[in-house]
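Down below is the structure, laid out as structure tokens.
The values are calculated or read from the model by the stated rules, or taken from the named source; none is laboratory data. Note that the coordinates shown come from a computational prediction; the quantities given were computed from them, not determined experimentally. Cβ placement follows ideal geometry from the backbone for every residue including glycine, while neighbour counts extend to all protein chains displayed. Quick note on the areas: whole protein, heavy atoms, side chains included, nothing else; ligands and nucleic acids left out. Shrake-Rupley method; radii C 1.70, N 1.55, O 1.52, S 1.80 Å.
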Protein chains: 2
Amino acid sequence: MTLRIERLFPPLVWGRAYSGRVFVHDLMAAVIVTIMLIPQSLAYALLAGLPAEIGLYASILPLVGYALFGSSRTLAVGPVAVVSLMTASALGTLDLPSTAAAIAAAGALAVLSGLMLLALGILRLGVIANYLSHPVIAGFITASGLLIAASQLKHILGVPVHGHTLPELALSFAEEAVSIHGPTLLLGVITIGFLFWVRSGLTPALQRIGLSKGSAQMLSRTGPVLAVAATTVAAWYWDLEGQGVAIVGDVPAGLPPLGMPLFDAGLFLALAGPALLISIIGFVESVSVAQTLAAKRRQRIDPDQELIGLGAANIAAGVSSGYPVTGGFARSVVNFDAGAETPAAGLLTAVGILLAALFLTPALYYLPKATLAATIIVAVLSLVDLSILRRAWRYSRADFAAVLTTITLTLLMGVEIGVGAGVVLSILLFIAKTARPHVAEVGLVPGTQHFRNILRHEVVTDPTVLTLRIDESLYFANASRMEDYIYDRVVGDKDLAHVVLMCSAVNEIDMSALESLEAINHRLADLGLTLHLSEVKGPVMDRLRRSAFLSELTGQVFLSQYDAFTTLCRSSENQHEAV
Amino acid sequence: MTLRIERLFPPLVWGRAYSGRVFVHDLMAAVIVTIMLIPQSLAYALLAGLPAEIGLYASILPLVGYALFGSSRTLAVGPVAVVSLMTASALGTLDLPSTAAAIAAAGALAVLSGLMLLALGILRLGVIANYLSHPVIAGFITASGLLIAASQLKHILGVPVHGHTLPELALSFAEEAVSIHGPTLLLGVITIGFLFWVRSGLTPALQRIGLSKGSAQMLSRTGPVLAVAATTVAAWYWDLEGQGVAIVGDVPAGLPPLGMPLFDAGLFLALAGPALLISIIGFVESVSVAQTLAAKRRQRIDPDQELIGLGAANIAAGVSSGYPVTGGFARSVVNFDAGAETPAAGLLTAVGILLAALFLTPALYYLPKATLAATIIVAVLSLVDLSILRRAWRYSRADFAAVLTTITLTLLMGVEIGVGAGVVLSILLFIAKTARPHVAEVGLVPGTQHFRNILRHEVVTDPTVLTLRIDESLYFANASRMEDYIYDRVVGDKDLAHVVLMCSAVNEIDMSALESLEAINHRLADLGLTLHLSEVKGPVMDRLRRSAFLSELTGQVFLSQYDAFTTLCRSSENQHEAV
């Protein structure tokens, strides 16, 4: 049993067993993740509508925050695509006068989101993430990938385009279509082609020349770095800036400026909704990556501790000129595959990015923005998985509706409305389904004591005993429907003497349903019928005992349906013989 | 089987069997209901913030509309307390310049509400009313009764007071407390005392002097009419108006002015929300009265036809200078007890009120408003039932929370927010409950094939077989929690070889839960455990067959838990012997 303090501060656990061997593994992983993270950080900052260096800043202190408090051994945090898109969308709703104001607002967003994550973690409310169903998340990620790719096309085409939804982007493109910039387009297309080839063609090629599969994959991950280096050199050598190709330009070298974001009640209020959504989406994305990796090494993730780790990371981002961060899928897999064993790898990565921020920024001057856009486009297209639509359609119409709504509304109306509508629709569809429960008339499977649907199985029934298995908890939304169902079924059935409600699937009976049961009991008594219950679960029975229903019930409560059936059939026979 | 046209137009059914004997019964009932309805109509119109005659108008054509289309034989429609309060609240949010504007807006509200009821009926969406749980309705009616009584105190105290919530009313009273009008207060208190005595003391007194219980109760119902007559005469004789007692004054005699309410898009939009709420609350109130009475005579109510009947009544109210109406409890009981057999009693009541509107209005000139307020207060206090709080507390905390929230918010923030919050809270509490399902570890009840909770029953178990009965449908909100539960349970249990999920209470498995099941299956396989399912219901099995899960499942799906247990125990034994 881990002590409370060790759980809250995981380095006490992994730090104790730390050794030189582990350090070498962590350092190796950190070097590879650093190389991968530099172009990603710059690119995602641009996606979020912020200067490139903000991406680097968001990859230093936040990594330290997570390493100290997070529960995953191998999760790599930092700027990620979906959260960057959500940041851009949140900042887009504000009317920000300058880049400095945008940076300040992004910091406030990170602090807010961090405080929310921390509060959820301390209150152990990580379960809130469960309300994002798998179809909603899948639909949201897919739609976000498409939106991100569409928003980055402007850098590839070299035209100024604005918008946070597909219609806004399309309209803006239509206006600017005439001014597509040839050299930028050429550079962008070549880079995209190269990156796709690296993804799909390089690994097998390296394997053919004798590298192991692992090494080949690891080398392929350096594709974006190669693209950055090659296009930067090309831009410098051929003076692409002079030909109108947009470049990153001056990136200030040095440590990230520290300081609390200015407290502005109006700004915090405007950002509260987006911050909550960013927190939850970021958490869901991060925790699923962490769990996948932990399972591979038989480790466990503590979701509430993850909230605290991500909260610390975001607060760290907010006070060090960063913007919201979370655990990223690709970089965590790289970290894991490269052999990271403890969160110390994250600390070492932070040192690597810090060195980059101090010394590498002059080298980024000639980096074309089209290159960064190309790395984003290639990365996010792997998020797009429209097959979820087909799979959901095959499995269930409700899940399909949730996916389709989330994708459509995210694309057409933006990330916040899209994911919000998906969540609300999922809940309403669940409620609507439980409001129309499946009811099966059941009979005895011969040779057993088991009862099944008379329409699906060969079963034994008795004309004097009607057994209905109600496949849902009884509560306000379905109580009166059940009442009607039972009346409709029993009216005109002359042989009937007993009605048994088999409650094996009734997990709750609320006050509204209790009233309905009382009404059913009286109404059946008026018709000369006796009402019985069978297989009532313990917690439901406890509650019924606190009401007057059991004393008014005309029949009995049987432990098992088999009990009920044999007892009632026998009593009917006796009655019949007596007549 | 009733034909479709006969169902849509019920007079085709009851009209065919109409006879002189039935007419005499209907006429008797109509006379008594008319006498009762006159003071009620006037009083409720004042409660709605409208001139008294509007109440009479709302008791003529609407009764005809319901008689032609409603499915209840004995329901008496017209102005009722709660809907009048809601009308006052809806009109209060508008900035209406004159009484004429208020009348026009009330007509528009009635037409809107009528159209909504009609649409719900035609689309057979009466089930929407099911989402108002019993605790929410009970809380709402109780709070409305208190609000109505508080709002009528101004007529008893003779002070001008405004407001639609308890704090508004209290503040307004506090300002006006110094100007309480003595003569009005005296009149009001005497009338209230008289009406309470009629309710509680008159019936037994009349029975003592030899009347049957039924006749005594019927006579007691005339209490409000006696109060109206006596105080009107007193006000005329002692010139109470001259002493500052507010009287009804001129009530125009004649037919209700007919005509469509002016179509004003802004007005209709502003009234749409309140109209929907009025429609649903009115429908719920009305249909529960209709069902109670129908059950007594073994008749059936068709809820969707009721929507059409109430829709017709409200449209009729809107085009004849009335305001929203619905079926009233007290008057329907009187109608029923007085022997009404068909909706023709409603038609005859309409004729009675029409005659009153034509010829009786001059007699109402001296009627003190305090008398009308007294009849309202005495009537609505019977709606107030705070015992629902105690009963809900005893039965379930979730139901209690719903009642308390509805009562508190209705009193503090008004009817719309109160009932809206109650509905939303009920749904959220249901979702929250299903998100934390009860899970029981079960064993075999000796001598049966029945499995129950090992903590509650003496049962047989096997160390190699763990059977978990999950008492909830598996869906997004609880899927990952179930995953964690199972891992936590199996970790460290060295003897275990098989895990059986008993699905008798699992009514659905959605896509998110399917993913969790797949993860559980793989994870248990990693631990060397086999996963089995038992008692999977037909509809759930149909869905699983459309996925890849069943082919990946390491174990089997057993028809019954008994099957699963005996098969798996035997296989473990064999394995054990082989070792």
Quick one: with label points 7 Å out along Cα→Cβ, list the inter-copy distances for A:E458 in nm, shortest first? 3.8
Taking alpha-carbon centroids only, the stretch B:256-303 lies from the stretch A:517-579 a number of Å equal to 38 Å
Within the accessible area of the protein assembly as shown (1.4 Å probe), percent carbon and sulfur: 65 percent
Once both label points are put 7 Å beyond Cα along the C-beta direction, the A:L123-A:D493 separation in nm becomes 4.8 nm
Sorted by accessible surface (1.4 Å probe, heavy atoms of the protein chains only), largest first, B:H532, A:H134 come out as A:H134, B:H532
Hey, with R₀ at 60 Å, roughly what FRET efficiency would A:R570 and A:E6 work out to, going by the Cβ-Cβ distance, to 0.05? 0.45
Taking only protein heavy atoms into account and a 1.4 Å probe, give the accessible area per residue of the protein assembly as shown in Å². 41 Å²
How big is the accessible area of B:C569 in square angstrom, nearest 10, if you roll a 1.4 angstrom probe over the protein chains? 20 Å²
Distance in Å, no decimals, from the C-alpha centre of the stretch B:444-499 to the one of the stretch A:487-506 is 31 Å
Tell me, what HN-Hα J-couplings in whole Hz come from the Karplus equation 6.51 cos²θ - 1.76 cosθ + 1.60 at θ = phi - 60° for each residue of the stretch B:38-53, using x for Gly and Pro? 4, x, 4, 4, 4, 5, 5, 5, 5, 4, 6, x, 10, x, 4, 5
For B:H438, other-chain or 5+-apart residues with amide H closer than 5 Å (H placed, Pro excluded) are B:D471
Using alpha carbons only, how many angstrom separate the centre of the stretch A:343-368 from the centre of the stretch A:151-205? 26 Å
Quick one: grab the alpha carbon gyration tensor of the protein assembly as shown, order the square roots of its eigenvalues as a ≥ b ≥ c, and give me rounded if a/c is under 1.5, else prolate or oblate depending on whether a/b is larger than b/c. oblate
Note the distances from B:L186 to each other copy's matching label point, with points 7 Å along the Cα-to-beta-carbon direction, in nm, sorted shortest first. 10.5
Can you pull out the buried accessible area for chains B and A, both sides counted, probe 1.4 Å, rounded to the nearest 100 Å²? 6300 Å²
Among DSSP bridges having both ends in the protein assembly as shown, what percentage is antiparallel? Round to the nearest 5. 45 percent
Percent relative contact order of the stretch A:340-423, based on C-alpha pairs within less than 8 angstrom and at least six residues apart? 14 percent
Straight distance only, please: which lysines reach the Cα of A:K369 with their own Cα at less than 24 Å, same-chain residues fewer than 8 apart left out? A:K154
How big is the charge dipole of the stretch B:428-476 about its Cα centre, in debye rounded to the nearest 20, if each Lys and Arg gets +1 on its Cβ and each Asp and Glu gets -1 on its Cβ? 180 debye
Say a label goes 7 Å from Cα toward Cβ at B:R124 in every copy; what distances in nm does this one have to the rest, shortest first? 4.8
Would you be so kind as to list the residues of the stretch B:432-453 that have their accessible area lowered by at least 40 Å² in the full protein complex compared with their chain by itself (1.4 Å probe)? B:K433, B:Q449, B:H450, B:R452
Per-residue ³J(HN,Hα) for the stretch B:170-186, Karplus 6.51 cos²θ - 1.76 cosθ + 1.60, θ = phi - 60°, Hz, x for Gly and Pro: 5, 4, 5, 4, 4, 5, 9, 4, 5, 9, 4, 9, x, x, 4, 4, 4
Longer than 25 Å from Cα to Cα, which of A:K494/B:K213; A:K213/B:K494; A:K537/B:K433 are they? Say none if no pair is. A:K494/B:K213; A:K213/B:K494
Amide H contacts under 5 Å for B:L533, placed H, 5+ residues apart: B:L501, B:Q556, B:V557, B:F558
Restricting to Cα pairs under 8 Å and 6 or more apart, the percent relative contact order of chain A works out to 22 percent
Give the residue from B:V459, B:M502, B:S516 lying farthest towards the positive end of the charge dipole for the stretch B:454-526; charges sit on Cβ (+1 for Lys and Arg, -1 for Asp and Glu) and the dipole is referred to the Cα centre. B:V459
Run through the DSSP bridge list for chain B and note the antiparallel percent, rounded to the nearest 5. 50 percent
Largest-first ranking of A:F400, B:F283, A:F23 by accessible area, probe 1.4 Å, whole protein assembly kept, is A:F23, A:F400, B:F283
One would report the antiparallel percent of DSSP beta bridges in the stretch B:462-550, rounded to the nearest 5, as 10 percent
Accessible area, 1.4 Å probe, largest first: how do B:F268, A:F263 sort? A:F263, B:F268
In the stretch B:541-561, the residues losing 40 Å² or more of accessible area (1.4 Å probe, heavy atoms of protein chains only) relative to their chain alone are B:R543, B:R546, B:L559
Each label point is 7 Å from the Cα along the Cα-to-Cβ direction; what then is the distance between the points at B:L358 and B:I454, in nm? 8.3 nm
How would chain A be classified by its alpha-carbon gyration tensor: rounded, prolate or oblate, with rounded meaning a/c under 1.5 and the a/b versus b/c comparison settling the rest? prolate
To the nearest 20 Debye, how big is the dipole of the stretch A:311-435 about its Cα centre, given +1 on the beta carbon of each Lys and Arg and -1 on that of each Asp and Glu? 420 debye
Between A:W14 and A:T461, how high is the FRET efficiency from 1/(1 + (r/R0)^6) when r is the Cβ-Cβ distance and R₀ = 51 Å? Nearest 0.05. 0.20
Tell me, what HN-Hα J-couplings in whole Hz come from the Karplus equation 6.51 cos²θ - 1.76 cosθ + 1.60 at θ = phi - 60° for each residue of the stretch B:342-353, using x for Gly and Pro? 9, x, 4, 4, x, 4, 5, 4, 4, 4, x, 5
From the Cα gyration tensor of the stretch A:353-415, with a ≥ b ≥ c the square roots of its eigenvalues, which class applies: rounded if a/c is under 1.5, or else prolate if a/b is larger than b/c, or else oblate? prolate
In degrees between 0 and 90, to the nearest 10, how far off the longest principal axis of chain A does helix A:561-578 point, with axes built from Cα atoms? 20 degrees
Give a quick list of trypsin sites (Lys or Arg not before Pro) in the stretch A:431-539 that DSSP marks as loop, anything other than H, G, I, E or B, with at most 13 other Cβ atoms within 10 Å. A:K494
